[in-house]
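Peer 1: Sharing a structure here in structure tokens format.
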Amino acid sequence: MSSESETQAPSQSVGPEYRPATQKPTATVSTALDHENVHILAQTPQLIALLTMIRDKDTGRADFIFYSNRIIRLLVEEGLNHLPVVEHTITTPVGRNYSGVKFEGKICGVSIMRAGESMEQGLRDCCRSVRIGKILIQRDEETSKPKLYYDKLPEDIAERWVLLLDPMLATGGSALMAVDVLKSRGVPEDHILFLNLIASPEGAKNFAKRFPKVRVVTAFVDMGLDAKNYIVPGLGDFGDRFYTM
């Protein structure tokens, strides 16, 4: 397990490419991972500023929700870029043809309750009338292992591309079980995209190795996990800060 003392967070100057490094501030950026199925959002000034806001322990609930929703929107937009498209030619109002594309197949979202539900609105904002399912996984107090307690999924989910939603990926236990549930319902592994705000290197690596055909789209890979398996530096309990604090 990593710790803050063992791992030094990567940093770089942040800002437009046309500005010299001397005119750009230095900020902590995502840890890079050598897994083709893990896609980390570009570490832009906008993203780093938004992450700074939601990481701050002094950020109130209203601001936490607002800035989290902005990051979620960026994740959903990027996730949609990884779905397959087919050629589609249309005619414009001036009578000219335009050779474009359209999405191939149907999609749905599946949130890992409770924190994953915070990402549903961001998906709805981008995909009107999208179907959304839910999975509830909690740790079994006797075995300390994840246990499936509830799931409600579209009947035709095996025929859809699935965007799996959970903001935090620590050890990865819940996300791994969620993918197992989806696969048991007939969803092909390569039809699943996992959208995530902050991941630990351990969780992301475990997930990527276990399901090499599932594409992970995350905003940031943090330094590691502490002795209690909390992501560090992290942002605390996402669900508590979004829904109650």
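The values are calculated or read from the model by the stated rules, or taken from the named source; none is laboratory data. Quick caveat, the model's predicted, so the values are computed rather than measured. Heads up, the Cβs are rebuilt from the backbone with ideal geometry, glycines too, and the neighbour counts pull from every protein chain shown. Heavy atoms of the whole protein, side chains included, go into the accessibility calculation; ligands, DNA and RNA do not. Shrake-Rupley method; radii C 1.70, N 1.55, O 1.52, S 1.80 Å.
Peer 1: Out of the residues in the stretch 170-197 meeting the condition of being closer than 15 Å to VAL38 by Cβ and in contact (Cβ under 8 Å) with a residue 60 or more places away in the chain, tell me which one is surrounded by the most Cβ atoms within 10 Å (Cβ to Cβ).
Peer 2: Within the stretch 170-197, the match that is surrounded by the most Cβ atoms within 10 Å (Cβ to Cβ) is ALA175.
Peer 1: Failed condition for GLY133, given (1) under 21 Å from the mean Cα position of the chain (by Cα); (2) assigned to a loop (DSSP other than H, G, I, E, B), with all others met?
Peer 2: Unmet for GLY133, out of (1) under 21 Å from the mean Cα position of the chain (by Cα); (2) assigned to a loop (DSSP other than H, G, I, E, B): (2).
Peer 1: Can you work out which of the residues in the stretch 1-22 that are loosely packed, with under 10 Cβ neighbours inside 10 Å and of a type in the set (S, T, N, Q) is modelled with the highest pLDDT?
Peer 2: The residue in question is THR22.
Peer 1: Quick check on this structure: which one of ALA204, ALA208, ALA219 is under 16 Å from LEU33 (Cβ atoms), surrounded by 18 or more Cβ atoms within 10 Å (Cβ to Cβ) and in contact with a helix residue (DSSP H, G or I) (Cβ under 8 Å, 6 or more places away or on another chain)?
Peer 2: Result: ALA219 is the single residue among ALA204, ALA208, ALA219 that is under 16 Å from LEU33 (Cβ atoms), surrounded by 18 or more Cβ atoms within 10 Å (Cβ to Cβ) and in contact with a helix residue (DSSP H, G or I) (Cβ under 8 Å, 6 or more places away or on another chain).
Peer 1: Considering only the stretch 38-124, give the strands (runs of 3 or more DSSP E) lying wholly within it that have at least 2 residues that are touching a helix residue (DSSP H, G or I) at 6+ places or on another chain (Cβ under 6 Å) and surrounded by 18 or more Cβ atoms within 10 Å (Cβ to Cβ).
Peer 2: In the stretch 38-124, 106-113 are the strands (runs of 3 or more DSSP E) which contain 2 or more residues that are touching a helix residue (DSSP H, G or I) at 6+ places or on another chain (Cβ under 6 Å) and surrounded by 18 or more Cβ atoms within 10 Å (Cβ to Cβ).
Peer 1: From the list GLY109, GLY105, GLY79, which residue is closer than 18 Å to GLN46 by Cβ and small (Gly, Ala, Ser)?
Peer 2: GLY79
Peer 1: Just one of the numbered conditions (1) at pLDDT below 95; (2) open to solvent by 30 Å² or more (accessible area, probe 1.4 Å) is not true of SER30; which one?
Peer 2: (2)
Peer 1: Sticking with this structure for a sec: Within the stretch 136-147, take every residue that is among the basic types (Lys, Arg) and either assigned to a strand (DSSP E or B) or within 24 Å of PHE220 (Cβ to Cβ) (or both) and give me the one that is least open to solvent (accessible area, probe 1.4 Å).
Peer 2: Top of the filtered list is LYS147.
Peer 1: Going by the structure shown, is ILE90 without any contact (Cβ under 8 Å) to a residue 12 or more places away in the chain, among the aliphatic types (A, V, I, L, M) and at negative phi?
Peer 2: yes
Peer 1: Next question. Taking ASP156 as meeting all but one of (1) under 17 Å from the mean Cα position of the chain (by Cα); (2) open to solvent by 10 Å² or more (accessible area, probe 1.4 Å), write down the number of the exception.
Peer 2: (1)
Peer 1: Please work out if GLY239 is in contact with a Lys or Arg (Cβ under 7 Å, 6 or more places away or on another chain) and within 20 Å of GLY133 (Cβ to Cβ).
Peer 2: yes
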